[in-house]
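See structure below.
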Amino acid sequence: MKRHGTQNLKMIGVRDLRDINQTIFLHLVRDRQPISRADIVKATGLQPGTVSAIVNRLIKEKLIYEGIEGPSSGGRRPKYLHVNAESAYVLAIDLGVKESIYAVSDFNGRILTQKSVLTEGDPEKFLRSLSREIHALVRTQYPRARVEAVGVSVPGLVDRAAGTLIVSPNLGWRAVPVRALLEEELELPVYVENDANAAAFAELWYGPLDEVSARTLLCVLVVEGLGTGLIINGELHVGTSIGLGGFGHMSMDPKGMTCSCGRRGCWETFASDRATLDRYRRLSKSKTRVRAVTELIALAGQGDAAALETIKVTARYLGEGIASLAHGLSPEVVVIGGEITGAWPIIGPIIEGCIKSNYIVPPISFKVRPSSVLRPSLFGAIPIALQHCFGGGRDKQTNHVKVPQSFLNSGSRTPARFS
Ligand SMILES: [Zn+2]
């Protein structure tokens, strides 16, 4: 499956890392920086001479640099190695139903600039104008940056081999060649992923330290719609080349309300943000329109009983859905992303209680927590672009996003709390 539009791009050093050892090294240094040559020898089991040769090459290519000297353990004082965060940048685009966010990230996966725009109008026109805005920002703010790739997160069904958004009922888009359009405008390789899958990927990259070895992680992304992303054995589970966004459309009531997909009673019709806001309108009989779940949480905080009850009901539906899935998937971690997690002190205990009372074999053995980042679908688009630089790449047959084992097994990642 050949991608278009990237053949004439100016290649930079990072993409020329054909030597797999170099890629693993780079990953290791990024993960455990500051790290000495001796530590790399220990971690990789390679000969010190081989390690030095590769390290010297990476330093020469300016992908890593030597920082201050560390304490001596008798012999020469070791110099610590760091990833040159500015050696390559990536762009992340999170296409949302109401607003879209784009960000510039450095090689460490740290966001340098983040902007939002209203998602509106014809998809092609919108994507082209968004690209021009991004292009202008990079040109003026990062004129010397070497931007390597673009990760895009979309709320819908994705053909990831073609980079096409097949359909997004919530966006109202159909057959949009996202990759082709963006590659034409930005002249960079573009990777398109379903938003819930991206959110799951964000947990692997930005999640807490004690979970890096988790084999199964279920991420529930609650936005305008509701989707799930699943990490199994350190790989994002995508099934076929079509990214469906998981279990949001599993039926909870065949006679329930009509869903964005056209069927009835999907999980999304009970627990998505749209469902929550509709419920509040019904419960409160209020004429004032609450447009966002964050507003609803604020109202609950001010003593609005209907707002509080609305949030509690959503939490119960989230808990019921998760309990059903957990029986089949037996995850180690369940992560919930979206604005609703702003009410975690209210929803957390309800979700846990609901899972406990629905679980066949108590006690439940998995952890349920809010996502590590505030907008997981945006943050997930960063590693989706970065893994291309690190050489995790895509399996040619399945186009799965792969996480190098060196990354999963490393135990000293900087814990992250991003906003
Ligand atoms: Zn549905």
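Assorted remarks:
- Any hit, the stretch 329-346, residues being within 16 Å of the ligand (Cβ to nearest atom), in a helix (DSSP H, G or I) and crowded, with 18+ Cβ neighbours inside 10 Å: no
- Tabulated pairs, the stretch 194-208, first over 10 Å from L236 (Cα atoms), second surrounded by 24 or more Cβ atoms within 10 Å (Cβ to Cβ) and of a type in the set (D, E), C-beta under 9 angstrom, 6+ apart or interchain: D195/D94
- Residues in the stretch 151-175 that are touching a residue at least 24 places away in the same chain (Cβ under 8 Å), farther than 19 Å from V238 by Cβ and either away from the ligand (no atom under 16 Å from the Cβ) or in contact with a Cys (Cβ under 8 Å, 6 or more places away or on another chain) (or both): P169, W173.
- Evaluated against (1) within 11 Å of the ligand (Cβ to nearest atom); (2) free of Cβ contacts under 8 Å to residues at least 12 places away in the same chain, G239 falls short on exactly one condition, (1).
- One residue stands out in the stretch 367-392 among those that are hydrophobic (A, V, I, L, M, F, W, C) and more than 20 Å from A196 (Cα to Cα): the one that is modelled with the highest pLDDT, namely C389.
- T310 out of contact with any Asp or Glu (no Cβ under 8 Å at 6 or more places or on another chain) and at pLDDT 95 or above: yes
- Residue within the stretch 298-306 that is away from the ligand (no atom under 16 Å from the Cβ), touching a residue at least 40 places away in the same chain (Cβ under 8 Å) and outside the structural domain of G156 (by TED's automatic domain parsing) present: yes
- Members of the stretch 298-322 that are crowded, with 22+ Cβ neighbours inside 10 Å and farther than 19 Å from V334 by Cβ: A307, T310
- If you go through the stretch 282-304 and pick out every residue that is in a helix (DSSP H, G or I) and at pLDDT 95 or above, you end up with 9.
- Each residue in the stretch 246-274 was checked for being over 20 Å from V154 (Cα atoms) and more than 11 Å from the ligand (Cβ to nearest atom), and 3 of them qualify.
- Residue in the stretch 176-189 that is at pLDDT below 95, small (G, A, S) and not in a strand (DSSP E or B) present: no
- Filtering the stretch 257-283 to residues that are surrounded by 15 or more Cβ atoms within 10 Å (Cβ to Cβ), free of Cβ contacts under 8 Å to residues at least 24 places away in the same chain and farther than 24 Å from G229 by Cβ leaves R264, R281.
- Any hit, the stretch 218-230, residues being buried (at least 23 other Cβ atoms within 10 Å of the Cβ) and over 18 Å from H249 (Cβ atoms): no
The values are calculated or read from the model by the stated rules, or taken from the named source; none is laboratory data. All values reported here derive from a predicted model rather than from experimental measurement. Glycine also receives a Cβ, built like all others from the backbone with ideal geometry; neighbour counts cover every protein chain displayed.
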